[in-house]
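The structure appears right after this line, and notes come after that.
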Amino acid sequence: MLQLTRREQLGAIILVVLLLLGLLIRNLLLPKPAVEVITPPETPAEEEQTEQEIVVHVAGAVHAPGVYTLPAGSRVYTALEAAGGVLPEADQHALNLAEPLLDGRRITVPFQGEQKENAAENGKININTATAAELQQLPGIGPAKAAAIIAEREKNGPFQTIDELTRVSGIGPNTLNVIRDYLSLY
């Protein structure tokens with residue numbers, strides 16, 4: 001075994017005491033550094049991008065029919081410009097050029113003399129563009145409820161979901177269930 005002299009033993013004890021004293025001072029007397037926790041953003045970049053852009057389908061009497069990505073908040077005239085503008089034989093005034101666009105919307109520019117379709121190709125009524133007369137074709141919707149739907153749409157902007165119709169006075173869950181199959185958002 002290792003034999004230490006009295007002097008070496010005393011030196012080792014002093015060294016251990018100093019080491020313990022240093023650790024004690026470090027842990028008790030010195031302030032602890034603040035720990036900064038960095039959390040990732042709550043929404044991924046893809047979601048932010050989809051909120052800033054919409055995709056619309058432009059068809060009918062335009063130079064370049066197709067699907068276009070536009071900034072959120074774009075209007076019908078912006079989509080028509082993206083499609084290269086309307087053809088000379090187009091009836092562009094059959095559309096509301098200032099109407100705000102929703103993601104997934106289809107815009108069909110009719111030719112002059114062509115009847116504008118009141119209902120979508122699938123026979124559903126677009127609650128964001130329908131007139132009072134068109135809304136009254138729905139079961140249980142009379143002039144008062146049709147006017148209330150239009151007032152709600154004008155006050156708060158286009159409906160984002162069919163379920164938002166329950167915000168309209170006189171349309172509850174039961175009425176909505178009756179008319180849901182007849183409705184579209186675009």
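The values are calculated or read from the model by the stated rules, or taken from the named source; none is laboratory data. Just so it is clear, the model here is predicted, and its values are computed rather than measured. Quick reminder, even Gly has a Cβ in these numbers, built from the backbone with ideal geometry, and neighbours come from all protein chains shown.
Worth pointing out:
- Checking each residue in segment 11-42 for being modelled with pLDDT under 80 and of a type in the set (A, V, I, L, M) picks out L28, L29, L30, A34, V35, V37, I38.
- Failed item in (1) exposed (fewer than 14 other Cβ atoms within 10 Å of the Cβ); (2) more than 23 Å from Y77 (Cβ to Cβ); (3) modelled with pLDDT under 90, with A151 passing the rest: (3)
- Residue selection: D91 satisfies the criterion of being of a type in the set (D, E), over 17 Å from G157 (Cβ atoms) and surrounded by 15 or more Cβ atoms within 10 Å (Cβ to Cβ).
- Qualifying residue in segment 116-138 (condition: out of contact with any helix residue (DSSP H, G or I) (no Cβ under 6 Å at 6 or more places or on another chain), of a type in the set (A, V, I, L, M, F, W, C) and modelled with pLDDT of 90 or more): yes
- Candidate set from segment 154-186 (those that are closer than 24 Å to G73 by Cα and loosely packed, with under 12 Cβ neighbours inside 10 Å); member that is nearest to the chain's Cα centre (by Cα): T161
- Any hit, segment 129-136, residues being at negative phi, of a type in the set (S, T, Y), surrounded by 12 or more Cβ atoms within 10 Å (Cβ to Cβ) and not in a loop (DSSP other than H, G, I, E, B): no
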